[in-house]
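First comes the structure, then the notes that go with it.
Each value in this text was obtained by applying a stated rule to the coordinates, not by laboratory testing. Please read all numbers here as calculations on a predicted model, not as lab measurements. Because the Cβ atoms are built from the backbone with ideal geometry, glycine has one as well, and the counts that use them run over all protein chains shown.
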Amino acid sequence: MPPLKRSFAIQKSLIGSRFSIDILVYTKNEMLTGEKRKYSFLHNALKTSKIVYERNSYLLT
């Protein structure tokens with residue numbers, strides 16, 4: 001499934017929430033590819049952003 005469709009599926013579940021949020025959903029492979037491209041959104045986001053909340057990956061399997 002393309003990233004936009006994955007994001008839309010999650011956004012649908014948040015309809016009615018009280019805050020505005022941008023949701024971007026990437027696979028592990030897309031993340032690895034994007035972080036290697038120097039001028040890509042993912043490269044810049046991973047280089048300059050801060051993690052606000054992170055969930056243990058073992059809980060997601």
So is ILE51 aliphatic (A, V, I, L, M) and in contact with a Leu (Cβ under 9 Å, 6 or more places away or on another chain) or not?
no
Residue check: is TYR39 of a type in the set (Phe, Trp, Tyr) and touching a residue at least 12 places away in the same chain (Cβ under 8 Å)?
no
What is the number of the single condition among (1) surrounded by fewer than 10 Cβ atoms within 10 Å (Cβ to Cβ); (2) touching a residue at least 24 places away in the same chain (Cβ under 8 Å) that PRO3 does not meet?
(1)
Yes or no: the stretch 39-50 includes at least one residue that is at positive phi, over 15 Å from the mean Cα position of the chain (by Cα) and surrounded by fewer than 10 Cβ atoms within 10 Å (Cβ to Cβ).
no
Taking the stretch 6-33 and keeping residues of a type in the set (Lys, Arg) and either surrounded by 10 or more Cβ atoms within 10 Å (Cβ to Cβ) or under 11 Å from the mean Cα position of the chain (by Cα) (or both) leaves ARG6, LYS28
